[in-house]
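Step one of this worksheet: look at the structure below.
Coordinate-derived values only; no laboratory data. All of these numbers come straight from a predicted model, not from anything done at the bench.
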Amino acid sequence: MFWRRHSDLPLRGDASSRFLPWIVAVMVFLAVLAVAGLLAAQEVVGRWQWALSGTLTVQVPPPVDAAGATNMEDRIGKAVELLRRTPGVASAEALSEAETRALLEPWLGAGAAIDGLPVPRLIDVTLIPGATVDFAALEGRLAAQAPGATLDDHGRWLGDLVRLARSVEAVAAAIVLLVALAGIAAVVFAVRTGLAIHREVIDLLHLIGARDSYIAREFARQAFTLSLLGSLLGAVLGGGALLALQTIGGNSPAGDPEALADMLSIGFDAREWIILAAVPIAAILLSVATARLSVMRALSRLV
């Protein structure tokens, strides 16, 4: 019954529903981008948490005089030995000057500009999973072995990153909600306009015994057709935009900061693409349900 082509209501020629597919297309496009932003934020945070959880970085400042330069390697060696003897530390490895400068090149560039900077030496520390380390006490012992050494607990700023990601997720969810409300409003407007235009035909159908459910089904079928066209268009545009972002991320220059590359190279997996594919399907179901409920409510008020 829902799929049959014959209809007693001439809904196809309604001017009120002419722009509904375009409205639905815009709504689906925005919803796809919002959901993609939510998934991308979750993926980036998860990637960084996996990479940085259980790790520390120790910075040993460069010497201020030539005498200190001769003791630099000795200071770094003492700091590494202290870290390796610390309970809860799995490993501690000092980065060479070349490796440290390579980490800074994406931000500061290469050549004489970075060569003239007082770059600190870094020590990469990996913690034993589940181990508890007194970071304040460890930093004090490090300062005694290597004056000026500081300990960077990645969890301090990773918490700020997680809070930022949660804010992005909240904004994306709000956008999806607003898009859904706008789509519902558009369908309700189109349905009520159609009811007003075809009031005489609807009264005639009532006289010959048509039920409200039959009339509601006719409007729901029309909403299904229009929202299907709009959802397909919006899904194609949204998918094309996401693929373009993936291409930009994949072709980003090697000198781009890693954080920017992470945000551009979305790299959704199969589960996330299924979630994105569910957006236009949800838009179609929402349009059909809204049309049916709107018609049933409006007809129940007719005398």
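Per-residue Karplus couplings for the stretch 179-187, computed as 6.51 cos²θ - 1.76 cosθ + 1.60 with θ equal to phi - 60°, are listed in order as 5, 5, 5, 5, x, 4, 4, 5, 5 Hz, Gly and Pro entered as x.
Rounded to the nearest whole Hz, the Karplus-based 3J(HN,Hα) values (6.51 cos²θ - 1.76 cosθ + 1.60, θ = phi - 60°) of the stretch 87-103 follow the sequence x, x, 8, 7, 7, 8, 10, 7, 7, 6, 4, 5, 5, 5, 5, 5, 5, with x at glycine and proline.
The string of couplings for the stretch 275-281 from the Karplus curve (6.51, -1.76, 1.60, θ = phi - 60°) is 4, 5, 5, 6, 5, x, 5 Hz, one whole number per residue in order, with x for Gly and Pro. Residues whose amide H lies under 5 Å from that of Ile128, counting only those 5 or more places away or on a different chain, are Val89, Ala90; hydrogens are built 1.01 Å from N in the peptide plane. Residues whose amide H falls under 5 Å from that of Asp152, counting only those 5 or more places apart or on a different chain, are Thr57, Val58, Gln59, with hydrogens built in the peptide plane.
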